[in-house]
Amino acid sequence: MAETIGFIGLGNMGLPMVEQLLKAGYAVRAFDLSEPALKQASEAGATIAKSISDAAQSATTVITMLPAGQHVRAVYLGDDGLIASAAAGTLLIDSSTIDVETSREVGTAAAGSRLEMIDAPVTGGVMAARVGKLNFMVGGTEQAFERARPVLDVMGQKLFYAGPQGSGIGVKICNNMSLGISMIAAAETLMMAKRLGLDLERTYEIVTNASGQNWALSNYCPLPGFVEGVPSGNGYKPGFTAEMMRKDLRLSQDAARSVDACTPLAAHALSIFSHFCDSGDSQTDYSGISKLIGGDAWDYPFDPGQE
């Protein structure tokens, strides 16, 4: 009999993760507030749960992929939530990208109810989720991490143990802070080369083989024609939206303030992505920031004459 996994949160990331679990032979009890999402999960082969507690019914593991900290609190800490309804010994895996404080609070509550829990946020976006090649950054006990490994291996290609509960979230926030800054740098590099009248293909080849190389430029290029299969070549249809990047940069600034860390580039990146989102591009892929960078300098949400 197939092991049952509960899964709550069937959005752009959650649904393809469920599909990978089903392909691997797991039985999945899925729950979401969206009827279209539930229909898609059912068509993929999942059993549809009627509630959060129903999703945990008979499940040895429950995975959540939720938008923000308040949703995680509601799903885990509510009267009908996972901590109140999951059987003792159930493994809880939260793959949401939220604030560290919420992750630690929920983890403590889970431990107090004899439940094992890890925070396991992901990188790679929708494209990686669809082919089971996400990267997981895991916080929790090493015992819980090893217990989760077989399930995470189905959905991911690399698993990284980061430390105690909340560490996975912390690393994810730091990673995406760097990514947001790097994507702006990649866009600025190519758009300035374009305005200088340089050969873009030669510029790209040289920079990606020199000290200016970064992951955003080499693997997720914000201009079309350089990397196959990325959103810039598909009208910036999102794999990871600009709104999600804004959310993660906000998390980075909340985290920075909580520990009195100085992160001026991240603060600046948040300002730029906020301007991009507020201009109507919140659902554009975050690499579409090149559309803003490609404009006149005076379109930026800051004074370019300041140093």
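Using Cα springs under 10 Å in a Gaussian network model of the chain, which residue among M17, M137, M191 shows the largest mean-square fluctuation? Comparing M17, M137, M191 in a Gaussian network model of the chain, the most mobile one is M191. With a 1.4 Å probe rolled over the protein heavy atoms of all chains, the accessible area of Y161, Y204, Y76 falls in the order Y161, Y204, Y76, largest first.
For segment 56-173, a simple Cβ point-charge model (Lys and Arg +1, Asp and Glu -1, everything else neutral) yields a dipole of about 380 debye relative to the Cα centre. For segment 169-283, the per residue solvent-accessible surface stands at 52 Å², with DNA, RNA and ligands left out and a 1.4 Å probe. Specify the inter-centroid distance of segment 127-186 and segment 59-98, based on alpha-carbon positions, in whole Å. What the calculation gives is 18 Å, centre to centre.
Loop-located trypsin sites (Lys or Arg not before Pro) in segment 101-141 (DSSP state not H, G, I, E or B) with no more than 12 neighbouring Cβ atoms inside 10 Å: R114. Summarising the label geometry, the points placed 7 Å from Cα in the beta-carbon direction at A111 and K158 lie 2.8 nm from one another. Here the chain carries DSSP beta bridges of which approximately 15% are antiparallel, counting only pairs with both residues inside.
With +1 on each Lys and Arg Cβ and -1 on each Asp and Glu Cβ, how big is the dipole of the chain about its Cα centre, in debye rounded to the nearest 20?
Details: 22 positive and 33 negative charges, 109 e Å.
So the dipole magnitude of the chain works out to roughly 520 debye.
Answer with a single label: of [x] 28, 46, 26, 1; [y] 36, 56, 8; [z] 32, 53, 14, 0, which was calculated as P(r) over Cα pairs in 20 Å bins from 0, in percent from the structure in view? The listed entry that was calculated here is [z]. When the Gaussian network model of the chain links Cα atoms closer than 10 Å, the mean-square fluctuations of L134, L91, L292 top out at L292.
So which GluC sites (Glu not before Pro) in segment 172-228 are both in a DSSP loop and have at most 16 other Cβ atoms within 10 Å of their Cβ? Show your work: numbers first, answer last.
On the way: sites: E188, E201, E205, E228; in loops: E228.
Loop-located and lightly packed - E228.
Between segment 1-56 and segment 190-243, the alpha-carbon centres lie 36 Å apart.
With helices as the sole contributors, the chain gives -14500 deg cm²/dmol at 222 nm; each DSSP H run of n ≥ 4 counts as -39500 (n - 2.57), and the sum is divided by every residue. Relative to the longest principal axis of the Cα atoms of the chain, helix 35-44 runs at roughly 80 degrees. On a 0 to 90° scale, report how tilted helix 242-258 is relative to the longest principal axis of the chain, with both axes built from alpha carbons and the result rounded to the nearest 10. The answer is roughly 80 degrees.
Picking from S34, S211, S258, which is most flexible by a Gaussian network model of the chain using Cα springs under 10 Å? Evaluated over the chain, the most mobile residue of the options is S211. Determine which lysines satisfy two conditions relative to K194: a Cα distance under 16 Å, and not lying fewer than 8 residues away in the same chain. In chain and number order, the partners are K291.
Listed here are the pairs K39/K237; K133/K247; K50/K247; K39/K133; K39/K172; K133/K237; which of them are more than 27 Å apart at the Cα? Don't jump to the answer; show the numbers that get you there.
Values: K39/K237 23 Å; K133/K247 23 Å; K50/K247 29 Å; K39/K133 24 Å; K39/K172 31 Å; K133/K237 20 Å.
Violating the 27 Å Cα-Cα cut-off are K50/K247; K39/K172.
Of all DSSP-defined beta bridges confined to segment 104-182, some 35% are antiparallel rather than parallel.
Taking R0 as 30 Å, what's the FRET efficiency between D199 and R250 from their Cβ-Cβ distance, rounded to 0.05? With R0 = 30 Å, the Cβ-Cβ based efficiency is 0.20. Among R29, R202, the sequence by solvent-accessible area, most first, with a 1.4 Å probe is R202, R29. When a 1.4 Å probe is rolled over the protein heavy atoms, the share of accessible surface on segment 1-68 that falls to carbon and sulfur comes to 51 percent. The angle between the Cα long axis of helix 100-112 and the longest principal axis of the Cα atoms of the chain comes to about 10 degrees, rounded to the nearest 10. Across segment 170-194, the residues whose backbone nitrogen lies under 12 Å from the label position 7 Å along the beta-carbon direction of V259 are 170-175. Mind running the shape call on segment 181-273? Use the C-alpha gyration tensor, a ≥ b ≥ c as the square roots of the eigenvalues: rounded below 1.5 for a/c, prolate if a/b tops b/c, oblate otherwise. Prolate shape, in that a/c is at least 1.5 and a/b is the bigger ratio.
The values are calculated or read from the model by the stated rules, or taken from the named source; none is laboratory data. Remember, predicted model here, so these are calculated numbers, not experimental data. Neighbour counts are summed over all protein chains in view; Cβ atoms, including those assigned to glycine, are modelled from backbone coordinates with ideal geometry. Note: areas computed on protein heavy atoms with side chains; ligands, DNA, RNA excluded. Shrake-Rupley method; radii C 1.70, N 1.55, O 1.52, S 1.80 Å.
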